[in-house]
Amino acid sequence: MAQEIERKFVVKDDSYKHVATSHSHIIQAYIASGNGRTVRVRIRDDKAYLTIKGPSADGGLSRYEFEMEIPPKDALDLLQIAEPGVIDKERWLVPMADGHTFEVDEFFGENTGLVMAEVELGSADEAVTLPPFIDHEVTGDRRYYNSHLRLYPYTKWG
């Protein structure tokens, strides 16, 4: 099982679209979630994945992650038994000069208006240069977890 180390940020403008090398549509739902653990099904364009994530012991910076590709038909079937709430987003990949790639997610549906960026790191103390489209960091803020957004959508935050 791999350790996922990532930082999350709110994005302030759409300048990332001009430097992105690709983008894809993602639909995801949660089969099970609670106590910081999740089992997620995701359809990304024409591929599908089942992902299991463990809880974070360091404020949301890292957690264990297991992911495997599954047949798209199986993913569609799993969506039928998922917990309430679906995440619908467009993901843009933005490579940086320092070798990092920011994954920028533009949310739709009840999360319209929210745009977030994540960058995966090799270690918790790895330096990363923040691009100009970053507003502020939200690593560890559970409100910005997809599993939370499906139940407490951004448009209802008040």
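The values are calculated or read from the model by the stated rules, or taken from the named source; none is laboratory data. Keep in mind it's a predicted model, so treat the numbers as computed, not measured. Please note: Cβ atoms are built from the backbone with ideal geometry, for glycine as well, and neighbour counts cover all protein chains shown.
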(message) Could you go through segment 40-53 and let me know if any residue there is closer than 21 Å to residue 138 by Cβ and among the polar types (S, T, N, Q).
(response) yes
(message) I'd like the residue in segment 115-158 that is more than 13 Å from residue 60 (Cβ to Cβ) and part of a helix (DSSP H, G or I) and, out of all such residues, is nearest to the chain's Cα centre (by Cα).
(response) 149
(request) For residues that are more than 15 Å from the chain's Cα centre (by Cα) and within 20 Å of residue 137 (Cα to Cα), tally how many sit in segment 1-19. (result) 6
(request) Given the conditions (1) of a type in the set (A, V, I, L, M); (2) part of a loop (DSSP other than H, G, I, E, B); (3) surrounded by 17 or more Cβ atoms within 10 Å (Cβ to Cβ), report the number of the one that residue 41 does not fulfil. (result) (2)
(message) Restricting to segment 10-34, count the residues that are touching a helix residue (DSSP H, G or I) at 6+ places or on another chain (Cβ under 9 Å) and among the hydrophobic types (A, V, I, L, M, F, W, C).
(response) 4
(message) Consider segment 9-65. How many of its residues are under 19 Å from residue 76 (Cα atoms) and in contact (Cβ under 8 Å) with a residue 40 or more places away in the chain?
(response) 14
(request) Check residue 56 against each of (1) part of a loop (DSSP other than H, G, I, E, B); (2) over 23 Å from residue 107 (Cβ atoms) and name the one condition it does not meet. (result) (2)
(request) Run residue 68 past the list (1) in a loop (DSSP other than H, G, I, E, B); (2) more than 25 Å from residue 143 (Cα to Cα); (3) aliphatic (A, V, I, L, M) and report the number of the one that doesn't hold. (result) (1)
(request) Taking the options 82, 29, name whichever one is of a type in the set (A, V, I, L, M, F, W, C), at negative phi, crowded, with 16+ Cβ neighbours inside 10 Å and part of a strand (DSSP E or B). (result) 29
(request) Please find, within segment 127-136, the residue that is nearest to residue 111 (Cα to Cα) out of those that are surrounded by 13 or more Cβ atoms within 10 Å (Cβ to Cβ) and not hydrophobic (A, V, I, L, M, F, W, C). (result) 135
(request) Considering only segment 85-119, state which residues are surrounded by fewer than 14 Cβ atoms within 10 Å (Cβ to Cβ) and at positive phi. (result) 99, 113
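Would segment 69-76 turn up any residue that is modelled with pLDDT of 95 or more, acidic (Asp, Glu), surrounded by 13 or more Cβ atoms within 10 Å (Cβ to Cβ) and under 25 Å from residue 21 (Cα atoms)?
Checked segment 69-76: no residue is modelled with pLDDT of 95 or more, acidic (Asp, Glu), surrounded by 13 or more Cβ atoms within 10 Å (Cβ to Cβ) and under 25 Å from residue 21 (Cα atoms).
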